[in-house]
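S.K.: Mind having a look at this structure? Questions to follow.
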Amino acid sequence: MTRIRSMAAALAVTAALAGCSTSGTATPASAPTTTDVTVTTERAEPTSATPPTTSDAVEPYVVGSIRVTGSTDNATYDVAIPQLSGGNPAVTAEFNESMRAALQDQIDGDYGYDFALSDGYSTGATYVGRRVISAEQITDWIAVPPGAHGNSLLATVTIDADTAEPISLGDAFIDLDVGLSRLSDRAAKILPTTRAGESFERSGIEPTVANFANWTASPEGMNIHFGDYQVGAYGIGLITITVPWTDLSDVLAPGMQDVLSS
């Protein structure tokens, strides 16, 4: 399930890069070499009074990061990614593996040029609820040799803290197509209030998995993260909107709102 979500995110990234004057290629011919070093840690206390049904970790989750460095025939990378310690070991392991796999998808991506990956110009948030853990990874991509500017690659991971399983868009909705249509409809109403403005790029919110692959959970609603060029010009920067759970409650799978909003 994690791999399917990551592949969808990669499709969205490829589409975004296609709008730039320089893209990049990287399907490594040899296995990458990596060095992982823990760089930050921060205790994450749940922010909801709703108790978990099956996950009852003795120790709190600690949000930290590791720096992953290395190279392939086509890419070099030096990127910090979110990681967890403490809490339910199964949940922690699944989250950490999923975040590392998401970065590997970016390393292995075929963008049309050699490239370098580094930390993004902003840092995606990691949310730890009582029943869900959700994070956005923002990575800076630049062609080698560099062109006019780089681009941001996005990846997201959401883990059910009750089951230690990833939650995909298909898991979140009763019917995926209906859920995507609802997200598209709500995005059309919210985006004009953002930097994208009234003239936002409507192809970026067509009801496809690629357009909505980068999402995270929060108590307020489903956060949708749009990449460079997806909903407007490069100059507007990355755009995130929040679709309230009340706008999605009738299309979410049974019990999913309780998990995702915890």
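The values are calculated or read from the model by the stated rules, or taken from the named source; none is laboratory data. Just so it is clear, the model here is predicted, and its values are computed rather than measured. Note: ideal-geometry Cβ built from the backbone for every residue, glycine included; neighbour counts use all protein chains shown. The area values use the complete protein model at the heavy-atom level, side chains included, leaving out ligands, DNA and RNA. Shrake-Rupley method; radii C 1.70, N 1.55, O 1.52, S 1.80 Å.
S.K.: Taking a probe of 1.4 Å, how large is the accessible area per residue of segment 80-183, in Å²?
M.R.: 34
S.K.: Got a sec to turn the phi values of segment 161-173 into Karplus ³J(HN,Hα) couplings, 6.51 cos²θ - 1.76 cosθ + 1.60 with θ = phi - 60°, whole Hz, x for Gly and Pro?
M.R.: Here the 3J(HN,Hα) series is 6, 7, 10, 6, 10, x, 10, 9, 4, x, 6, 5, 10 Hz.
S.K.: Another question about this same structure. log10 I(q)/I(0), Debye, Cα-only segment 166-222, no solvent, q = 0.12, 0.26, 0.28 Å⁻¹?
M.R.: Taken in order of the listed q values, log10 I(q)/I(0) reads -0.29, -1.16, -1.26.
S.K.: Taking +1 at the Cβ of each Lys and Arg and -1 at the Cβ of each Asp and Glu, which of Ala143, Gly86, Gly109 sits farthest along the dipole of segment 73-173 towards its positive end, judged by Cα position relative to the Cα centre?
M.R.: Among Ala143, Gly86, Gly109, the one farthest towards the positive end of the dipole of segment 73-173 is Gly86.
S.K.: Step by step: find N for segment 155-261, compute 2.2 N^0.38 Å, then divide the Cα radius of gyration by it. What's the final number?
M.R.: Expressed relative to 2.2 N^0.38 Å, the Cα Rg reads 1.04.
S.K.: Here is a follow-up. Taking only C-alpha pairs under 8 Å that are 6+ residues apart, what is the relative contact order of segment 173-213 in percent?
M.R.: It rounds to 42 percent for segment 173-213.
S.K.: Let me ask something else about it. What is the set of long-range amide H partners of Gly232 at a cut-off below 5 Å, with H atoms built 1.01 Å from backbone N?
M.R.: Hits under the 5 Å cutoff: Glu201.
S.K.: Report the charge-dipole magnitude of segment 48-167 in Debye, nearest 20, computed about the Cα centre from +1 at each Lys and Arg Cβ and -1 at each Asp and Glu Cβ.
M.R.: My answer is approximately 340 debye.
S.K.: Pairs of alpha-carbon atoms within less than 8 angstrom and 6+ residues apart define the contacts here; what relative contact order does segment 101-210 have, in percent?
M.R.: Answer for segment 101-210 is 17 percent.
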